[in-house]
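K.L.:
One structure follows; several queries about it will come next.
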Amino acid sequence: MSKVLTLLAGVIIGLILGGIFTFYYFIGAPQAAQVPGQPIQPPEQGGIPAGTAQVVLNQQFFNNVLEIIFRDMNAPSFPLNLSQERADYQIKPEKIAFFENEKTCDGRITLLPEGSGVKTSVQLENGKINVPLAFKGNASVLGNCIQFSGWAKGVFTLNYDAEQKNVYGKINVETVNLDGVTPLAGGLIAQFVQNSLNQKVNPITILKGKQISLSLPVSATDGTLNAQIKDVRAEIKETDLSLFVIYDFSGTKGIQPAQ
């Protein structure tokens, strides 16, 4: 009897270790997709320089946007990819037989406005942008279609691309919490979810330089006032995110077409 239990324990441990090895061999440790530019820095201690425009976005603004997306649009949905580079290892839809019925296992994760005791939202606190995400989905594991739900804890950061003059956002999912999934399958599914969210959501375009650069004709001077973005800084205070767009102003003779 003891030999049988030892054998079963060895098989179970082998399956777990094999699944983990397979995951990291094909995927590697889950990391957020690369985002152009460098992390945005806070304003300099000397104060905000002249020629700076300030854009203030509060927590309620972000959450209103999320409410509209869930209310008026399709809920964001992503395939459970094993790897961004190795697309041939994507989990593909399968038909799983349940008695006389067949159920399609499409291997996708869908964000929910609320679930697992968590509301999908943006939380500005302690100088950070936290993003809890509720979700549901399914995946084929060892021939079984497993329906799952849960929530993920993510942190939102901002990058500024000096070449393109664009501001990008990046969500880095740190932890994934599943509801009622066995440990054997739950570990792999949690990694799939984390990897897919980190790879498929990013990057998020916040501001495009072309939208906020200026070229204003001044007819009284027969000239044109130009303002090109020089740098972008950011600061979080309480529930407000302030973006400081620092301009480099210049003037040219002659009227140029307004942009």
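The values are calculated or read from the model by the stated rules, or taken from the named source; none is laboratory data. Everything quoted here is computed from the prediction, not taken from an experiment. So basically every Cβ, Gly included, is an ideal-geometry build from the backbone, and we count neighbours across all protein chains shown. Ligands, DNA and RNA are excluded from the accessible area calculation, which covers all protein heavy atoms including side chains. Shrake-Rupley method; radii C 1.70, N 1.55, O 1.52, S 1.80 Å.
K.L.:
Between Ile206 and residues 5 or more places away or on another chain, which pairs have amide H atoms under 5 Å apart, with H built 1.01 Å from N, and which residues are they?
P.N.:
Those lying under 5 Å, H to H, from Ile206 are Val167, Tyr168, Gly169.
K.L.:
How about region 190-229: which trypsin sites (Lys or Arg not before Pro) there lie in a loop by DSSP and see at most 16 other Cβ atoms within 10 Å? All intermediate terms of the calculation are to be shown ahead of the outcome.
P.N.:
Details: sites: Lys200, Lys208, Lys210; in loops: Lys208.
Sites meeting the loop and neighbour criteria: Lys208.
K.L.:
In whole Hz, with x marking every Gly and Pro, tabulate ³J(HN,Hα) for region 205-214 from phi via Karplus 6.51 cos²θ - 1.76 cosθ + 1.60, θ = phi - 60°.
P.N.:
6, 9, 9, 9, x, 5, 6, 10, 7, 10
K.L.:
Rounded to whole Hz and in sequence order, give me ³J(HN,Hα) for region 134-145 from the Karplus expression 6.51 cos²θ - 1.76 cosθ + 1.60, θ = phi - 60°, writing x for Gly and Pro.
P.N.:
8, 8, 9, x, 8, 7, 8, 10, 6, x, 10, 8
K.L.:
Determine the shape class of region 173-259: with a ≥ b ≥ c the square roots of the Cα gyration tensor eigenvalues, call it rounded for a/c under 1.5, and otherwise prolate if a/b is greater than b/c, oblate otherwise.
P.N.:
Values: a/c = 6.02, a/b = 3.43, b/c = 1.75.
It is prolate, given that a/c is not under 1.5 and a/b is the larger ratio.
K.L.:
Another question about this same structure. When you count, for each residue, the other Cβ atoms within 10 Å and take the mean per peptide, how do 61-67, 192-198 rank with the highest first? Spell out each step's value before the answer.
P.N.:
Details: 61-67: 14.1, 192-198: 24.1.
Result, highest mean first: 192-198, 61-67.
K.L.:
Provide the per residue accessible area, probe 1.4 Å, for region 116-162, rounded to a whole number of square angstrom. Numbers along the way, then the final one.
P.N.:
Details: 1920 Å² over 47 residues.
Each residue of region 116-162 exposes 41 Å² on average to a 1.4 Å probe.
K.L.:
Out of residues 5 or more away from Ile129 or on other chains, whose amide H comes under 5 Å of its own, with H placed 1.01 Å from N in the peptide plane?
P.N.:
Result for Ile129 returns Phe156.
K.L.:
Oh, and also: Ranked highest first by average number of other Cβ atoms within 10 Å, how do 37-47, 142-152 line up?
P.N.:
Details: 37-47: 11.9, 142-152: 17.5.
Most protected by this proxy first, the peptides run 142-152, 37-47.
K.L.:
Tabulate in residue order the Karplus-calculated ³J(HN,Hα) for region 163-176, using 6.51 cos²θ - 1.76 cosθ + 1.60 with θ = phi - 60°, rounded to whole Hz; enter x for Gly and Pro.
P.N.:
Residue by residue, region 163-176 yields 6, 8, 6, 10, 10, 10, x, 9, 9, 10, 6, 8, 9, 10 Hz.
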